[in-house]
Amino acid sequence: MDGRPASAPAAAPVIAGEDLWWWPVALEGEASAAPLALRLLGEALVLWRDATGQPVLQQDRCPHRGARLSMGRVCQGQLQCPYHGWRFDAAGRCVSVPALPDFVPPASSSVRTWPLRSAHGLLWTTSGDAAQARLPDLAASLPGRRLVFGPFDVATSAARAVENFLDTAHFATVHEGWLGEASHPEVPHHEVQATADGRPVVEGYRAWQPRASASAEGGAWVRYRYEVLSPFSALLTKQPEAPPTGQAPQGPQDSYTIWACPQDDEHCRLWFAQYTSDTVSTDDELERFQTAIFAQDQPVLESQRPRRLPISAAAPREQSTAADRLSAAYRRYLRQQGVVTGVC
Ligand code: FES
Ligand SMILES: [Fe+2]
């Protein structure tokens, strides 16, 4: 007896927040004839391309003896295990067992196939119901020139990486001479609002930046807008303020997204997309700027302990101030979403 009344209803199945969303796993076009090992939510996955050119994402574990399918190869549009050569089709069915040429493999010899879709220059999958899961939406009007940078593999949780993307108080220290200046370390007052579905938004944040963009020729006051798009993605838009003389702003509108793939509790893979009105800088110059900025962030990000973002009352305590209000709103949002990967 467990003491529960016989009439008590069975507990509803718990749906983790992770199951409510699509997650980015690779660049569009990254799937090839060579199987690629990936990781998502602690699962080992393999990405390959079938005979029709469609990308396929499957569990990276052979149902025969557990070998990694990503060490195998694609033959005639099927994925062949490197160990005993079993072959799997794009639906995950085992279609050949070479040691028994006449054997028809049962359905139980299949590998799990994950759904895939393309969006925002990336391939996405979900651990939940593909018909119900949400894709982060870029409803805001964005400049038409898009570049996607990455992947960047980072030894910290996706939540720490996204919180860093939302954090402005580190500009004057981590990005001194670029996004901030020691003479202007202050975080001005700003309001954190929320979308109808609870995602934190900051409509107006003002920062002095010595070098706000790849094409900047001097310092400028820059207007920021932040929006959390999903538990592990966010959008920021920045543009130098128009001078008081009424002229047009002296610099491009740049919108950046961070797309974080939660590989496991302490590792993530990131892509940054830039949507820009900059028609002067080359793709290489834009990529060098973004790569230089993230190279300043990464060592600090990887030094943070715990690597999981503390969001629960039982987690190791971190001291927050009024300058951290967007971080605090992001942590509350993660709690509301019921996310468990990379948080504590
Ligand atoms: S372990 Fe894959 S075929 Fe044997
Ligand atoms: Fe940063």
> What range in the chain is the longest one free of trypsin sites (Lys or Arg not before Pro) that are in a loop by DSSP and have at most 15 other Cβ atoms within 10 angstrom?
Replying inline: 113-316
> For the chain, modelled as a GNM with alpha-carbon contacts under 10 angstrom, which of Ile293, Ile311, Ile258 fluctuates the most?
Replying inline: Ile293
>> Nearest 500 deg cm²/dmol is fine: what mean residue ellipticity at 222 nm does the chain get from its DSSP H runs of n ≥ 4 alone, each adding -39,500 (n - 2.57), divided by its residue count?
In response: -4000 deg cm²/dmol
> Cα centroids of segment 193-237 and segment 19-90: how far apart, whole angstrom?
Replying inline: 37 Å
> Between Ala161, Ala172, Ala51, which gets the highest mean-square fluctuation from a Gaussian network model of the chain, Cα cutoff 10 Å?
Replying inline: Ala51
>> With +1 assigned to the C-beta of every Lys and Arg and -1 to the C-beta of every Asp and Glu, and no other charges, what is the dipole magnitude of the chain about the Cα centre in debye, to the nearest 20?
In response: 860 debye
>> Using a 10 angstrom Cβ neighbour count of at most 13 plus a DSSP loop assignment to flag exposed GluC sites (Glu not before Pro), which longest range of the chain is free of such sites?
In response: 1-185
> Going 7 Å from the Cα of Ala33 in the Cα-to-Cβ direction, what parts of segment 55-88 have a backbone nitrogen less than 18 Å from that spot?
Replying inline: 55-56, 70-82, 88
> Residue farthest toward the positive end of the dipole of the chain, with Cβ of Lys/Arg at +1 and Asp/Glu at -1: which of Gln76, Val154, Leu135?
Replying inline: Gln76
> Of the beta bridges DSSP finds with both residues in the chain, what % are antiparallel, to the nearest 5?
Replying inline: 95 percent
> Dipole of the chain (Lys/Arg Cβ +1, Asp/Glu Cβ -1, origin at the Cα centre): which of His64, Ala260, Thr245 lies farthest to the positive side?
Replying inline: His64
> Under a point-charge model restricted to the Cβ atoms of Lys and Arg (+1) and Asp and Glu (-1), what is the dipole moment magnitude of segment 246-310 relative to its Cα centre, in debye to the nearest 20?
Replying inline: 300 debye
>> Could you give each residue of segment 215-226 its phi-based ³J(HN,Hα) in whole Hz, using Karplus coefficients 6.51, -1.76, 1.60 with θ = phi - 60°, and x for Gly or Pro?
In response: 9, 5, 10, x, x, 7, 6, 10, 8, 10, 10, 10
> GNM on the chain, C-alpha springs below 10 Å: top fluctuator among Pro35, Pro24, Pro63?
Replying inline: Pro63
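A short reminder: the numbers here are calculations on the coordinates, not readings from a lab. Bear in mind that the values here come from a model prediction, so they are computed numbers and not experimental data. Virtual Cβ from ideal backbone geometry, glycine too; neighbours counted across all protein chains shown.
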